[in-house]
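First comes the structure, then the notes that go with it.
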Amino acid sequence: MKSILTILACVFISACTINAPKYQPSVDNSNYLQDISNSKISVARFKDGKPEVNDLSMRGSTLESPYDKSFSVYLSKALEEELKLAGIWDKNSKIQITGVLIDNQLDVSGFSVGTASITVKFMVKRNAKLVYTKEITANHEWESSFVGAVAIPAGTNNYPVVIQKLFSKLFKDKNFIKAVK
């Protein structure tokens, strides 16, 4: 009986890997981008600042990027989606945004609140010349639960929101606006 209970406990406690949801661009971000720039912009692949930025653990489960298991690539693709929705993305543009993912945190361990934070060093190049660099941090908080079956999906669904907030901060930065005009 004891070994049956041990096996059942292992089955129910086993960890699983969950793919981060496809990024959905923000309509607010898109509208803002349309207002600040009529220039076409490209996106270069972002880089990892350290390997830990791809380790997002949620109560024994792991949130994983669907793009080469890399959240820096997830950010690149997400930024492309924002620019495409705004109608200003062009893979051949002389204005190029890239970045380094410095910090990436997701916490669903709380009894009633989940949190996410992300820090990225953004860079804009115009004709291969660096014209903008800035480290930006965004935070997001949502209602969660002690129950893992509620907290884990909530964390998964709220992760893209912190990225929307990050991009919103970038797009509203006055020096970024100058760099992409």
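The values are calculated or read from the model by the stated rules, or taken from the named source; none is laboratory data. Quick caveat: nothing in here was measured; it's all calculated off a predicted structure. Here the Cβ is made from the backbone with ideal geometry for all residues, glycine too, and neighbour counts use every protein chain on show.
If the condition is being in contact with a Leu (Cβ under 9 Å, 6 or more places away or on another chain) and surrounded by 15 or more Cβ atoms within 10 Å (Cβ to Cβ), then the stretch 24-36 contributes P25, S26, N29, S30, L33. Would a scan of the stretch 80-89 turn up a residue that is under 19 Å from the mean Cα position of the chain (by Cα) and β-branched (V, I, T)? No - not one qualifying residue is present in the stretch 80-89.
Across the stretch 138-172, the number of residues qualifying as among the small types (G, A, S) and buried (at least 21 other Cβ atoms within 10 Å of the Cβ) comes to 3. Would you confirm whether or not the stretch 1-17 contains a residue that is within 26 Å of S145 (Cα to Cα), among the charged types (D, E, K, R) and modelled with pLDDT under 95? No: zero hits. Restricting the stretch 58-80 to residues that are of a type in the set (D, E) and either under 26 Å from V147 (Cβ atoms) or free of Cβ contacts under 8 Å to residues at least 24 places away in the same chain (or both) leaves a set whose member that is surrounded by the most Cβ atoms within 10 Å (Cβ to Cβ) is E64. Go over the candidates K84, K50, K91 one by one and state the one that is among the basic types (K, R) and modelled with pLDDT under 95. Among K84, K50, K91, only K50 is among the basic types (K, R) and modelled with pLDDT under 95. Tell me whether the stretch 153-162 contains one or more residues that are in a strand (DSSP E or B) and not aromatic (F, W, Y). Checking the stretch 153-162: not a single residue is in a strand (DSSP E or B) and not aromatic (F, W, Y).
Can you tell me how many residues within the stretch 39-57 are of a type outside the set (G, A, S) and in contact (Cβ under 8 Å) with a residue 60 or more places away in the chain? Residues in the stretch 39-57 being of a type outside the set (G, A, S) and in contact (Cβ under 8 Å) with a residue 60 or more places away in the chain: 3 in total. Checking each residue in the stretch 108-137 for being buried (at least 17 other Cβ atoms within 10 Å of the Cβ) and β-branched (V, I, T) picks out V108, T115, I118, T119, V120, V124, I136.
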